Amino acid sequence: MKPGLQFRLNQQLTLTPQLQQAIRLLQLSQLELEVELRQIAESNPLLELEEVEAQEETAEEHAEAYDGAAAAPAASAADHDPDEAPAWADGDGAGEAPIDFSLGSFGNGSAARGEDDFEPQRAAPESLQEHLLWQLNLAPFSAREQAIATVIIDALNGDGYLSDGLDGVLAALPPHLHATLEEVEAVRRQVQRFDPAGIASLDLRDCLGAQLEQLAPDTPRRELALAIVEGELELLARNDIARLARRLRAAEEDVTAASLLIRGLDPRPGAALDTTPVEYVVPDVYALKDGNRWRVALNPDCQPRVGLNQHYCSLIAQARGADASWMRGQLQEARWLLKSLESRAETLLKVAEAIVHRQSAFLDYGPEAMHPLVLREVAEEVGMHESTISRVTTRKYIHTPRGTFELKYFFSSGVSTEDGGGASATAIQAMLRKLIDAEDPRKPFSDQAIAEELRRKGIQVARRTVAKYREALRIPSSSERQRAG
């Protein structure tokens, strides 16, 4: 073959570094965005983050504090007549609400804290292990027993159970102790009598039994409750009082009293001393009712406060050679980042407006009014790709008068209705729960009966679909509800 030259024309989509950065920032949650920005700011001296003091308030408290101030951004969301329909009502998805986005210059940094300033310190909560070790030091244990008990306490999981069993304790003991399985079990039985009762148990039956044994011997129905825990927990879980009475040869009234005694015990004794800090969701967006219309505003406290450091920017003109080239590159990257953050805020606001527009009935009337909604519909309304909508709605939260929800909550598949419309899965689940809450406990609705009730409301749904929704709501079957009633 003879070598030759050939020309070909083809189109290829290439993601620029700026576009890749914008996409990456778009899918980050608020906490992940803060971490990302700190890492970028550490490597780019021309970027400066404004330190915002953390406020110790719950999401509800934060929302109440914002309600008064939110009127200003909501009112300024449009510079037109208040009777004029909002932009999203025309389907363009543009939205006119301004972005409360703190970009710009912060000079040479925020002022340093005064020497006399201090932050109040809270006492660290006592962990389960610390609580048990304190009791161990007061117990009349020998040095050998104390060593075994210490290993048992260290092996407890968050619920207070020995999830690895006694073999795990034996493996963790110092070799020079030469402890036997019987010796470890004897020490464990003593630790079980510590507070909270039932700690260091091997399973649920062991935990409940240990708590019952610590009750006073004259506690009514104590022995019957012990018999149920030892051999009939499965029937108790199904609340089959009649069969329990027959197996234990006891009156149904006594079995009912014993089951109530068992249900008053704590199946997770260690959870009460769980020191894992509670995490609150801070909404990225607020939905506010303005007259007869719903408006959307970004949460200003969740917008990153980042800008250019003017001191370093002023040094670029004085720099020479490689230093000047490097600093100009850093300045360009900083500007790209600021534009990416602004684009992220605009996209989040635009998508939230489209969702609120589609689901305004839910905000007005509750879950039963939720409309079917898929990513494609919002993507078409705002003029973006479905993948972009998916990134925007993941781990982004909106606060409404009905609670705080992830934006993905408002997307739901639909079921056809008799009038040719559709009902969302969320709405059907709300109707299902309402029917079950109003049923006669002695004659609960079967899944087929619920499907027929929904058909009377114009919603065509199969029995297996009702069963799937009921299980998703963690509602027992009709037979189990009947026994529980």
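The values are calculated or read from the model by the stated rules, or taken from the named source; none is laboratory data. Here the structure is a predicted model, which is why all the values come from computation and not from measurement. Counting neighbours? That spans all protein chains shown, and the Cβs are built from the backbone with ideal geometry, glycine included.
Could you list, in sequence order, all residues of the range 202-214 that are touching a residue at least 60 places away in the same chain (Cβ under 8 Å) and surrounded by 20 or more Cβ atoms within 10 Å (Cβ to Cβ)? CYS207, the sole residue that qualifies. Would you check if there is a residue in the range 367-379 being buried (at least 22 other Cβ atoms within 10 Å of the Cβ), within 26 Å of the chain's Cα centre (by Cα) and either free of Cβ contacts under 8 Å to residues at least 60 places away in the same chain or over 20 Å from GLU34 (Cα atoms) (or both)? The answer is yes; a qualifying residue exists. Would you point out the residue of the range 239-298, among those that are aromatic (Phe, Trp, Tyr) and surrounded by 14 or more Cβ atoms within 10 Å (Cβ to Cβ), that is nearest to GLN129 (Cα to Cα)? Going through the qualifying residues, I end up with TYR286. Filtering the range 380-397 to residues that are outside any helix (DSSP H, G or I) and closer than 18 Å to GLU32 by Cβ leaves THR394, ARG395, LYS396, TYR397. State whether the residues of the range 404-425 include one that is of a type outside the set (Asp, Glu), at pLDDT below 85, part of a helix (DSSP H, G or I) and out of contact with any Asp or Glu (no Cβ under 7 Å at 6 or more places or on another chain). Yes, the range 404-425 contains a residue that is of a type outside the set (Asp, Glu), at pLDDT below 85, part of a helix (DSSP H, G or I) and out of contact with any Asp or Glu (no Cβ under 7 Å at 6 or more places or on another chain). Here LEU349, LEU315, LEU338 are screened, and the one residue that is surrounded by fewer than 19 Cβ atoms within 10 Å (Cβ to Cβ) and in contact with a strand residue (DSSP E or B) (Cβ under 6 Å, 6 or more places away or on another chain) is LEU338. Give the range 258-312 a look and list any residue that's modelled with pLDDT under 85 and farther than 29 Å from LEU337 by Cα, or say none. ALA272, LEU273, ASP274, THR275, THR276, PRO277, VAL278 - these are the residues of the range 258-312 that are modelled with pLDDT under 85 and farther than 29 Å from LEU337 by Cα. State whether one or more residues within the range 287-306 are assigned to a loop (DSSP other than H, G, I, E, B), within 21 Å of LEU47 (Cα to Cα), touching a helix residue (DSSP H, G or I) at 6+ places or on another chain (Cβ under 9 Å) and free of Cβ contacts under 8 Å to residues at least 24 places away in the same chain. The answer is no; no qualifying residue exists.
So which residues in the range 217-252 are among the aliphatic types (A, V, I, L, M) and touching a Lys or Arg at 6+ places or on another chain (Cβ under 8 Å), if there are any at all? Residues satisfying the conditions are VAL229, LEU233, LEU235, ILE241. Of all residues in the range 145-164, those satisfying the criterion of being surrounded by 13 or more Cβ atoms within 10 Å (Cβ to Cβ) and part of a helix (DSSP H, G or I) are GLU145, GLN146, ALA147, ILE148, ALA149, THR150, VAL151, ILE152, ILE153.
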